[in-house]
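Asks: The structure follows.
The values are calculated or read from the model by the stated rules, or taken from the named source; none is laboratory data. All figures in this text were calculated on a predicted structure; none of them were measured in a lab. So basically every Cβ, Gly included, is an ideal-geometry build from the backbone, and we count neighbours across all protein chains shown.
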Amino acid sequence: MKIAVCIKQVPDTANVKLDPETHTLKREGVESIINPFDLFALEAALRLREQVGGEIVAISMGPPQAEAVLKEAIGYGVDECLLLSDRAFAGADTWATTAALASGIAGLGEVDLVVCGKQAVDGDTAQVGPGIARRLGLPHVAFVKGFREVDGGRLVVERQMDDGFDVVALPLPGLITVVREVGEPRPPSLKGKMRAKKYEVPTKGAAELGLTPEQVGLAGSFTQVVKVFAPTVSGDRQRLEGPPEETGAQVIDALVDNQVIMLGG
Amino acid sequence: MGVIIDKELCTGCGQCVDACPFEALELIDDKAVVNDACTLCGACADECPEEAITVPEVERAEDERTATAKGVWVFAEQRGGVMPEVVAELLGQGRRLADELGVELGAALLGHNLDGLTGELFALGADVVYAADDQRLAAFNDDIYCEVLARLIGEHQPEILLAGATSLGRSLIPRVATAAATGLTADCTGLAIEPEKKLLLQTRPAFGGNIMATIICPSARPQMATVRPRVMKRGGRSEGRQGRLISVELGPEDQAATKVLEVVQALDDQVNLVGAEVVVTGGRGLGGPEGFDLVRQMATALDGVVGATRGAVDAEWIGHAHQVGQTGRTVAPKLYVALGVSGAVQHLVGMQGSDAIVAVNNDPNAPIFDVAHYGIVGDLFEVAPAMLARLKQLRGQA
């Protein structure tokens, strides 16, 4: 089985702190990491390779320094990598991003399965996986939390839904996006890390993907950010202080008065 | 591509660097320099006291759809004949937008045995229901749902399409937007019409909720958005309200490649956090797994469900299905009670949209108090039982 895994370099938001005065991000010293959900995608791909054999290619679109996350992927045990990098890619929305990634994956030859994390923690859109699938004409199942059956021709997966889960058969080639429940990522191996040091990440730009500058980046995007602002905190804030039996009763009374809690009949 | 900085005017004050949400600006030799991460959002230009920054216009090909597309549509998600609450919220919001634009409100309904649902969609405000009722749509498969919905969009050309940011919506709608070759904004918490060009202003949290971004889709139609459940107000319901029903036939080519073998609902390890009206969440302040007994008591008393912070989940005090926050579920219930939750950014992102937030924590400086409507500084093991006792008393059970 040939598996392509999409990964993204993101700021390490887990270590980002909010400025209590301005409610803006304090960014000093924020490192770039592999999007945490993409580690589950990598882990899922590694487990599938263990079961049925094959090859894993990690692919990323980003600036030249995104090479770092692909080298990290080598450390985790993927076979090959591809970086899609071009100044023309800058400012891409998910439409323009999937244009580049779908072309990159199409150029890998016959891929049986594309695996993506459910979303990136900087954008939180969850749009890129399904978008790639449609562009490549592949069926997809999003929010996969487990595997029931794996063979060369199809996967039977568990798809997380708001009210439970579905068991879905996905014929291959196909695409999945995965959630945390697929399995905790293993640590990178020593052997992998050694290989990563020497590994040279192949890079392709827009022209090599057969894309014009109008199809990618800001120019190839349908959506446009027109305003950015700090979230406003709505409603009154009050601090209740005093003995616990008083504050506990006060808050319940306030919730009942404001009809947040209905005492009912 | 990026904003244009006038090096003569730039004083190197750095306000633009702080204002940039995308880390696209830095100071080099006391002058602001822009890098490839720039999205031309203009946050820096607004901030610059010297007016040294200009945002270039991006040339986009005019799309004929912008002139012809008309009408507001809602995707009426259903599973097994049941529509989630968000459909009523979308119809409420869709009705307001349609009235403002002076156009019809349509609802796209896909599934099988849908007879009972069309009347409900009319009652909730739809003028037209486009119903594709077919055995092949009985189970949710992204590919066939996508092709049927994209074809409907192509035929009828709505200017706006809204869908719920549910698991189903967030899987299907990005595929539909790609098939329809248009823009999509995920997980919106605000929608409005810009008066001049009648564009849909789509506001959503970005960067883990630390900033809000307003996004437009100027050159393609429909303007598509998924909308976070429990944010929009549902409209009024008028029983017996009539509308036009347009039945949509599937063609022989409409076949799902994926196949749903089994639908498993409401499992013990699956907590319907997203749909809950009340969420009671426990954090590291509970001190151990047994601390969740108190959380469960509170959840039971308030008819809510149990949530947990990442810290509590990582410590294996409770299952991951309960996790609220960036790597768990995003919730916006009527009432959110946080017991022993300090309020890491990743947690706040997942719950700050709640209507009423109660926080109990013994650390007066805990960030949870910044978002709590009712903040109680104290020992949760004393305050929470007092809350339970008062509830019992008021309900006449004491």
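Asks: Can you spot a residue in the stretch B:307-315 that is assigned to a helix (DSSP H, G or I) and out of contact with any strand residue (DSSP E or B) (no Cβ under 7 Å at 6 or more places or on another chain)?
Replies: yes
Asks: May I ask you to list the residues in the stretch A:241-252 that are facing chain B (nearest Cβ under 7 Å) and either part of a helix (DSSP H, G or I) or surrounded by 21 or more Cβ atoms within 10 Å (Cβ to Cβ) (or both)?
Replies: Matches in the stretch A:241-252: A:244, A:245, A:247, A:248, A:249, A:251, A:252.
Asks: For the stretch B:325-344, give me each residue that is of a type outside the set (A, V, I, L, M, F, W, C), part of a strand (DSSP E or B) and at pLDDT 85 or above.
Replies: Within the stretch B:325-344, B:336 is the sole residue that qualifies.
Asks: Go through the stretch B:345-360 residue by residue and tally those that are over 20 Å from residue A:259 (Cβ atoms) and modelled with pLDDT under 95.
Replies: Of the residues in the stretch B:345-360, 8 are over 20 Å from residue A:259 (Cβ atoms) and modelled with pLDDT under 95.
Asks: Which is under 28 Å from residue B:165 (Cα atoms), outside any loop (DSSP other than H, G, I, E, B) and out of contact with any strand residue (DSSP E or B) (no Cβ under 8 Å at 6 or more places or on another chain), of B:108, B:37, B:88, B:131?
Replies: After applying the criteria, what remains is B:88.
Asks: Picking from B:257, B:359, which residue would you name as being buried (at least 23 other Cβ atoms within 10 Å of the Cβ) and touching a strand residue (DSSP E or B) at 6+ places or on another chain (Cβ under 7 Å)?
Replies: B:359
Asks: Mind telling me which of the residues B:192, B:220, B:177 ends up being surrounded by fewer than 24 Cβ atoms within 10 Å (Cβ to Cβ), small (Gly, Ala, Ser) and within 11 Å of another protein chain (Cβ to nearest Cβ)?
Replies: B:220
Asks: Quick check on my filter: what residues within the stretch B:5-32 are over 36 Å from the mean Cα position of the chain (by Cα) and buried (at least 18 other Cβ atoms within 10 Å of the Cβ)?
Replies: Matches in the stretch B:5-32: B:10 only.
Asks: Any residue at all in the stretch B:196-209 that's among the basic types (Lys, Arg) and more than 18 Å from the chain's Cα centre (by Cα)?
Replies: For the stretch B:196-209, residues among the basic types (Lys, Arg) and more than 18 Å from the chain's Cα centre (by Cα): present.
Asks: Regarding the stretch B:176-187, can at least one residue be identified that is of a type outside the set (D, E, K, R), within 27 Å of residue B:96 (Cα to Cα), at pLDDT 95 or above and in contact with a Leu (Cβ under 7 Å, 6 or more places away or on another chain)?
Replies: The answer is yes, given that some residue of the stretch B:176-187 is of a type outside the set (D, E, K, R), within 27 Å of residue B:96 (Cα to Cα), at pLDDT 95 or above and in contact with a Leu (Cβ under 7 Å, 6 or more places away or on another chain).
Asks: Mind telling me which of the residues B:319, B:283 ends up being closer than 26 Å to residue A:120 by Cβ and at pLDDT 95 or above?
Replies: Only one candidate qualifies: B:283.
Asks: Which numbered condition in (1) among the β-branched types (Val, Ile, Thr); (2) more than 14 Å from chain A (Cβ to nearest Cβ); (3) in contact with a helix residue (DSSP H, G or I) (Cβ under 9 Å, 6 or more places away or on another chain) is the only one that residue B:55 fails?
Replies: (2)
Asks: Would you be able to say whether some residue in the stretch A:213-228 is more than 7 Å from every other protein chain (Cβ to nearest Cβ), surrounded by 15 or more Cβ atoms within 10 Å (Cβ to Cβ) and touching a strand residue (DSSP E or B) at 6+ places or on another chain (Cβ under 7 Å)?
Replies: The answer is no, given that none of the residues of the stretch A:213-228 is more than 7 Å from every other protein chain (Cβ to nearest Cβ), surrounded by 15 or more Cβ atoms within 10 Å (Cβ to Cβ) and touching a strand residue (DSSP E or B) at 6+ places or on another chain (Cβ under 7 Å).
Asks: Within the set of pairs 6+ apart or on separate chains, which have a first residue in the stretch A:162-174 that is more than 7 Å from every other protein chain (Cβ to nearest Cβ), a second that is among the acidic types (Asp, Glu), and C-beta atoms under 6 Å apart?
Replies: A:172/A:112; A:173/A:112
Asks: Tell me whether the stretch A:194-210 contains one or more residues that are facing another protein chain (nearest Cβ under 8 Å) and assigned to a loop (DSSP other than H, G, I, E, B).
Replies: There is no residue in the stretch A:194-210 that is facing another protein chain (nearest Cβ under 8 Å) and assigned to a loop (DSSP other than H, G, I, E, B).
Asks: Just the residues that are modelled with pLDDT under 90 and of a type in the set (Val, Ile, Thr), please, taken from the stretch A:241-260.
Replies: A:260
Yes/no per residue for (1) at pLDDT below 95; (2) not hydroxyl-bearing (Ser, Thr, Tyr):
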{"position": "B:172", "(1), (2)": "no, yes"}
{"position": "B:203", "(1), (2)": "yes, no"}
{"position": "B:206", "(1), (2)": "yes, yes"}
{"position": "B:233", "(1), (2)": "yes, yes"}
{"position": "B:246", "(1), (2)": "no, yes"}
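Asks: Among B:50, B:77, which is within 13 Å of chain A (Cβ to nearest Cβ) and either outside any helix (DSSP H, G or I) or touching a Ser or Thr at 6+ places or on another chain (Cβ under 9 Å) (or both)?
Replies: Answer to the selection: B:77.
Asks: Only one of (1) assigned to a strand (DSSP E or B); (2) modelled with pLDDT of 90 or more is not met by residue A:228, so which one is it?
Replies: (2)
Asks: Still on this structure, I have one more. Filter the stretch A:198-211 down to the residues that are over 16 Å from residue A:104 (Cα atoms) and either among the β-branched types (Val, Ile, Thr) or in contact (Cβ under 8 Å) with a residue 24 or more places away in the chain (or both) and list them by number.
Replies: A:199
Asks: For the stretch A:90-120, which residues satisfy the criterion of being under 18 Å from residue A:144 (Cβ atoms), in contact with a helix residue (DSSP H, G or I) (Cβ under 8 Å, 6 or more places away or on another chain) and assigned to a loop (DSSP other than H, G, I, E, B)?
Replies: A:111, A:118, A:119, A:120
Asks: Pairs please, first residue from the stretch B:353-367 and at negative phi and assigned to a strand (DSSP E or B), second anywhere and among the acidic types (Asp, Glu) and surrounded by fewer than 20 Cβ atoms within 10 Å (Cβ to Cβ), Cβ atoms under 9 Å, 6+ apart in sequence or on different chains.
Replies: Every condition considered, the pairs that remain are B:360/B:379.
Asks: Separate question: Could you check residue B:152 against (1) within 14 Å of chain A (Cβ to nearest Cβ); (2) within 30 Å of residue A:215 (Cβ to Cβ) and say which number it fails?
Replies: Residue B:152 satisfies every listed condition except (1).
Asks: Another question, then. Condition first: of a type in the set (Ser, Thr, Tyr) and within 23 Å of residue B:216 (Cα to Cα). Now tell me which residues in the stretch A:174-232 satisfy that.
Replies: A:221, A:223, A:232
Asks: Conditions first: (1) free of Cβ contacts under 8 Å to residues at least 40 places away in the same chain; (2) surrounded by fewer than 23 Cβ atoms within 10 Å (Cβ to Cβ). Residue B:211 passes all but one, so which condition is the exception?
Replies: (1)
Asks: Show the residue pairs that are 6+ apart or on different chains and have beta-carbon atoms under 8 Å apart, the first residue being within the stretch A:2-16 and more than 11 Å from residue A:81 (Cα to Cα), the second being of a type in the set (D, E, K, R) and at pLDDT below 80.
Replies: Pairs found: A:11/A:27; A:11/B:23; A:16/A:26; A:16/A:27.
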